[in-house]
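Please treat every number below as a calculation from the coordinates, not as lab data. Values in this document were obtained by computation on a predicted structure and should not be read as measured data. Note that we place each Cβ from the backbone using ideal geometry, even for glycine, and neighbour counts take in every protein chain shown.
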Amino acid sequence: MTRASDTAVLELEGVHRTYPGSPPVNALVGVDLRIEAGEMVAVVGPSGSGKSTLLNIMGTLDRPTEGRLLIEGTDTSKLSDRRLSGLRSARLGFVFQSFHLIETLSALDNVAAGLLYRGTSGRQRREMAQIALEKVGLGDRLHARPTKLSGGQRQRVAIARAIVAEPSLILADEPTGNLDTATGDGIVDLLKQLNADGSTIVVITHDADLAAQLPRQIEVRDGAVRQRAVDQ
Amino acid sequence: MMDRSKLRARDVVSTSVVGLRSRRGRTALTALGIAIGIASMVAVVGISSSSKAALIAQLDSLGTNLLRVEASSTGISIEPLPIEAEPMIRRVENVDAAAAVISTEFEVRRNDRDTNVVGINAMAASPELFETLRVDTTAGRPLDDGLRALPVVVLGDVAAIRLGITDLEGGPVIDVGGQDFVVVGILDELPLNPDISRKVLIGDQAAIELLGVEPNPTAIYVRVDPDLINETRPLLAPTAHPGRPAKVDVSRPSDLLEARAEVDQNLQNLLLALGGVALLVGGVGIANVMVISVLERRGEIGLRRALGATRGHIRSQFVLEAALLSGLGGVLGILLGSGITIGYARRQGWVVDLPPLALASGLGAALVIGMLAGFYPAAKAARLDPALAVSGGSN
Ligand SMILES: Nc1ncnc2c1ncn2[C@@H]1O[C@H](COP(=O)(O)OP(=O)(O)OP(=O)(O)O)[C@@H](O)[C@H]1O
Ligand SMILES: [Mg+2]
C-alpha cells in the first residue's frame, strides 16, 4: 500500500473530552498529536491524568467532546457506528491490561477472533491466527485454553490477536500492568520487535524505565499532552 | 475509506453457541424453564388429540349408523309405539336391521338371595337386537328364535356385575316377577348403549306370555346404510307411528359419545393456558439470565466492539443466544411432551396422535418467546459504551 508521505497514521486536533457529571471531569483538554507510521510511542503520566481516555479516543472506542481524530487521513468524527467498527476491524489492534481473552476458546480461536468481524473465512482465520501465534512465540500452544496459560502467555495471545489483521496502529493500555517485571520485559521486547518489523505502536505505561527505552514519549498531565525530548 | 465490518452468517451462529457453551449449567437450567412450558402444551394437545383419535376409532368400529326410535317422553304418560312399528321400519329402504325392545317395571334379583338389585330391570327384546347392536357375549350365547319364548335371560355386562354373576358356572338362575329365569348369556360391553348394559334381557314372547308384558315396543334400534343415514333418518318416525310422527323421537347414540369429546375442549384450553403461563415464565427467566449475562460479559462485549463488531453484531449475537436457548428448551420440551403423550396414550390403549402442527408451533412459540426475551438485554449490550466496557470487565 502506498500512502502520501504527509499523511500520519493518526492525528488528533484540539481534542477535548469532558465526562458529564457534577462537576464535569475534563479528562482531556486540547490535545494535539500526530503519530507517524512505524513509530513506537510511550504514553506516561500519573494515574487519572487521562492516558486511557486518550487511548480510547485514538481507538475510536470513545469520541472527543470537541476536536477531531483522523486515522490515515480520514476524519472519524462524522463516521457512523458501522463505519467506525469497520475501521477498527481493519486498521486498529488493541491490547488490554486484563487481556480480555475468551476462556472457552483455545488460543488459536481467540486470535482468530481478531479477524471475525472482517468477514474472513474460518479456515483462513485459523491459518492467519497460527502465523500470528508463531510470531509471538506461542506456536506450540495453539490449542491451549487461556486458563492453562501463564499471564505472560495470555498477553502474548492478546498481542497475536491485535496483530492478526495487520492493523495500521496497535494501541496497548498498560499491557504489562498485570505482569511481574521479568514477564513484562518480555512483552515489551515483543512489542519492540513488532515495531522493528514495521508495526506502529502506542503503549501506555506506568513504568518509567520502560518508557525510557522507547524512542518517543508523550506525557499526559491533567488532560494535557506534553511531548518529552528523547532521553538518550 | 471502505472498511466495513462483516460477520458471516455461520459466525453469527457459532459466536452465540460459544456464549451458551461457556455457561452450560445455566444454559441447561434456563432452557428447562421453556422446556416445561412447551412440554406441557405439547402433552395437552397430544393427549387430547390422541384421545379424540381413539374415540373416533372407537366410533368407527361401533358404527355411527345406529339409530334409536322411541316414544317421546314429553307427555305425562309415555304412549308406547305401535306393535307394527318394528316390521314396518324393517321394510324401509336402506334399513339393514331393526329390533324392538320393551322396557318393564320388573326389578330382578338372584333367586338365592332375597333382595332385589336396585336399578336392574328386565327388558323384553326381539332376537334381532343382538345383531342390530352388533354385540357379542362374553359367556354363553345371545337370545335367538329358539329361546324367544323360554324362561331364559341374557345379562347386560353391568347388570351381570351388579347381580354378581360373572360366568355361567353352575347355571345361575334369577328371579323376574316371581318366576325363575335361567341365565344363558352375558353380553360384552356396549359403549353406545349403556342403558342396555344395565338390563336383563328376556325374549319378547316369554315376556308377553310369562310375565304379561304389553307387546308394544318402547324403543326400536335401527341399523341403516352408513352412507344414507341422513336420508333414512327422517323416514323412521312417520313409519313407526304413521298417525302421530311427532310422538316419536329418533336419536343417534354415537352423538352422545361425540359430544363427550367436545366437552373436553374447555379443559384442554385451560391446560393450554397453563402451559402458556409456564412458557411466559420461562421467557422471563431467559430475559433475566440474559440481562445478567450482559452485565457479566461487559468485557467480552467491549473486546468484540474493539475487534470491529458493530452494535448490530452485538445485538444479533445476544438475540440469537436467547433464541437458541429457548429453541433448545423448545426441542427438549417437544421430546418431553411427546414422551408424556406416548406414555399416557399407550397406557390408555390409544393410538398415539401427535399433530405435527402442534410440535412445529411449540418450537415456533419457544423461538418467538426467546427472541422477545432477548431483545431488551441485547439492546442493552449493543448500547454499552465500548470504552467503558473494555475498562470495566476483567478477562
Ligand atoms: N467514564 C468515565 N466517567 C467519568 N469520569 C471518568 C470516566 N473515565 C475516566 N474518568 C475520569 O477521567 C480522568 C482520566 O481518567 P483516565 O482513565 O483516562 O486516567 P488514566 O491516566 O488512564 O489513569 P490510570 O493510570 O489510573 O489508568 C480521571 O479523573 C477519571 O476519574
Ligand atoms: Mg488508564
For chain B, average projected area of the Cα convex hull in nm² | 29.7 nm²
For the stretch B:1-142, what is the convex hull (Cα atoms) projected area averaged across all directions, in square nanometres?
-> 24.2 nm²
Just going by the charge dipole of the protein assembly as shown, with Lys and Arg at +1 and Asp and Glu at -1 on Cβ, which of B:ALA149, B:LEU388, B:ASN216 is farthest out on the positive end?
-> B:LEU388
Note: A:117-126 gets an average of partner chain Cβ contacts (10 Å, Cβ to Cβ) equal to 4
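Viscosity 1.567 mPa s, temperature 4 °C: Stokes-Einstein D of the stretch B:65-251 from its Kirkwood Cα radius, in µm² per second?
Working: Rh = 16.7 Å.
Calculated translational D: 78 µm²/s.
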Multiply the residue gap between A:GLU166 and A:ASP32 by 0.36 nm, knock off their C-alpha separation, and tell me the result in nm, one decimal place.
-> 45.6 nm
Using the 10 angstrom Cβ neighbour count as an exposure proxy, how do A:GLU11, B:GLU93 rank, fewest first?
-> B:GLU93, A:GLU11
Using Cα atoms only, what is the angle between the long axis of helix A:151-163 and the major principal axis of chain A, expressed in degrees (0 to 90) to the nearest 10?
-> 70 degrees
Provide the per-residue ³J(HN,Hα) series for the stretch B:51-61, in order, calculated from phi with Karplus coefficients 6.51, -1.76, 1.60 and θ = phi - 60°, each as a whole number of Hz, with x at glycine and proline positions.
-> 5, 5, 4, 5, 5, 5, 4, 5, 4, 4, 6
Taking only Cα atoms, what is the 0 to 90° angle, nearest 10, from helix B:9-21's long axis to the longest principal axis of chain B?
-> 80 degrees
What ranking of B:VAL182, A:VAL220, B:VAL331 emerges when the number of other C-beta atoms within 10 Å of each C-beta is taken as an exposure proxy, fewest first?
-> B:VAL182, B:VAL331, A:VAL220
Per q in 0.12, 0.14, 0.16 1/Å, what log10 I(q)/I(0) does a Debye calculation on the alpha-carbon atoms of chain A return?
-> -0.66, -0.90, -1.16
Would you kindly work out the equivalent ellipsoid of the stretch B:213-295 from its C-alpha gyration tensor and give its semi-axes, the square roots of five times the eigenvalues, largest first in whole Å?
-> 59, 13, 9
Kirkwood Rh for the protein assembly as shown from C-alpha pairs, in Å, is 31.7 Å
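Let me spell out the model: positive unit charges on the Cβ of Lys and Arg, negative unit charges on the Cβ of Asp and Glu, origin at the Cα centre of the protein assembly as shown. What dipole size does that give, in debye rounded to 20?
3920 debye
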Which cross-chain or sequence-distant (5 or more) residues have an amide H under 5 Å from the amide H of A:VAL43, H modelled 1.01 Å from N in plane?
-> A:VAL203, A:ILE204, A:THR205, A:ILE218
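How much length, in nm to one decimal, is gained on full extension between B:LEU335 and B:THR115, taken as 0.36 nm per residue of separation minus their Cα-Cα distance?
Separation in residues times 0.36 nm, less the Cα-Cα distance, equals 73.6 nm.
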Cα-based helix-to-principal-axis angle, B:356-383 vs chain B, degrees rounded to 10 = 20 degrees
Please give the residues of the stretch B:226-261, grouped as numeric ranges, whose backbone N is less than 17 Å from a label point set 7 Å along the Cα-to-Cβ vector of B:SER72.
-> B:234-252
Hey, can you rank B:153-163, B:96-106, B:167-177 by average C-beta count inside 10 Å, highest first?
-> B:153-163, B:96-106, B:167-177
Residues B:ILE89, A:ILE170 in order from fewest to most other beta-carbon atoms within 10 Å are A:ILE170, B:ILE89
By how many nm would the segment from B:ASP195 to B:LEU357 lengthen if fully extended, with 0.36 nm per residue of separation less the alpha-carbon distance?
-> 54.4 nm
